[in-house]
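Remarks on the structure that follows.
The values are calculated or read from the model by the stated rules, or taken from the named source; none is laboratory data. What you see is a predicted model; the values in this text were computed from it and never measured. Because the Cβ atoms are built from the backbone with ideal geometry, glycine has one as well, and the counts that use them run over all protein chains shown.
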């Protein structure tokens, strides 16, 4: 395994690092002010459009998609260090690069499973950044950590499908630019439990679709990415041609979608942890308590050293996972994907927590990005499958060797 950056990755890293310094970090305060002044906090703020135009001009666009026909054609190993850099400003950089969830996963679904017409109508505008999308899988009335529990119905009626159900935590749905929902539901509840589901494209303006409310994450509305919504589908009728891949394919599509999504989250989490460590070190050498810089305190030195160890461990496992996904495919990297999904959010949460502690009351204020970084890391111990489900599955895979 060779994790050295090739020439293309080095060139993109240099371009992205300069873009972060010259545009993204300065834009964080601008975005906060624009959100404060906005009459509609969900409306895309001008600074986002400016960053997207500049990123595209620099060739920093659709870096996540390995399909060269639609994306940058990078391997997972090439994309990993770029996603890490973007993760240092997770509420701005990924969207600026058109690499923000849930659009990334939705574009991957359409690229892999969509018909030519579906790609023309929905994938092309998403790739061009003209619209946003939402992924509607999680439901409030069932334990959605088991995707086979999904209760929303997708019933065939002549040339249409009729969708009925209630979803929540549908990421991106509050954004007024969100034009299309990918909805997971059941077409045949009597089939094998992994063949009951399907995914279907539902335009936002379809009669019967009601976006009821925004979901807040630890009090944050996550306005930059279009929030997370509760949505009701009441006799929503769409053409049968909107079904993706076919009846019974929904669970398999979800697994294909979540593999890359999980590693992308972990890549960005490493960047979040690196930024937190940087802020912790700067604070430690500049703040004096009890007559000496807090960097001289043994406990703070321990936090800093342990943070470096944990970040390096996580990065190496994420790079190994990316390499395996490139060489043996997502199924061959299943153990490693689950391992990084368990370990990386916990690592980032720990590092960010120590950085908050080093900042004292300032660490939980709006004067640093640490509070929002902690919220994002803690939330990712639930998103794309909770820790406990990944641990259960990983343990079963290990035990198979001995049974």
Filter region 111-144 down to residues that are part of a helix (DSSP H, G or I) and touching a strand residue (DSSP E or B) at 6+ places or on another chain (Cβ under 7 Å) and give me whichever is nearest to residue 239 (Cα to Cα). 118
Of 163, 211, 202, 183, which residue is more than 24 Å from the chain's Cα centre (by Cα), modelled with pLDDT of 95 or more and under 27 Å from residue 121 (Cα atoms)? 163
Output the residues belonging to region 301-319 that are touching a residue at least 60 places away in the same chain (Cβ under 8 Å) and in contact with a helix residue (DSSP H, G or I) (Cβ under 8 Å, 6 or more places away or on another chain). 315, 318, 319
Would you say residue 246 is more than 19 Å from the chain's Cα centre (by Cα) and surrounded by fewer than 20 Cβ atoms within 10 Å (Cβ to Cβ)? yes
Those residues of region 337-363 that are over 18 Å from the mean Cα position of the chain (by Cα) and farther than 13 Å from residue 276 by Cβ come to a total of 3
With the condition kept exactly as written, say whether any residue in region 29-42 is crowded, with 19+ Cβ neighbours inside 10 Å and at pLDDT 95 or above. no
Considering each residue of region 320-355, count those that are free of Cβ contacts under 8 Å to residues at least 40 places away in the same chain and either outside any helix (DSSP H, G or I) or in contact with a helix residue (DSSP H, G or I) (Cβ under 8 Å, 6 or more places away or on another chain) (or both), and give that number. 7
Where the second residue is at pLDDT below 95 and the first is assigned to a loop (DSSP other than H, G, I, E, B) and lies in region 366-382, which pairs have Cβ atoms under 8 Å and are six or more apart or on separate chains? 366/32
Exactly one condition in (1) part of a loop (DSSP other than H, G, I, E, B); (2) within 22 Å of the chain's Cα centre (by Cα); (3) touching a residue at least 12 places away in the same chain (Cβ under 8 Å); (4) closer than 23 Å to residue 316 by Cα is not met by residue 61; state its number. (4)
Residue 230, sole failed condition from (1) surrounded by fewer than 22 Cβ atoms within 10 Å (Cβ to Cβ); (2) modelled with pLDDT under 95; (3) within 30 Å of residue 364 (Cβ to Cβ): (2)
What single numbered condition from (1) touching a helix residue (DSSP H, G or I) at 6+ places or on another chain (Cβ under 8 Å); (2) farther than 23 Å from residue 257 by Cβ fails to hold for residue 298? (1)
Criterion (at pLDDT 95 or above, within 20 Å of the chain's Cα centre (by Cα) and under 26 Å from residue 336 (Cβ atoms)) met by exactly one of 93, 72: 93
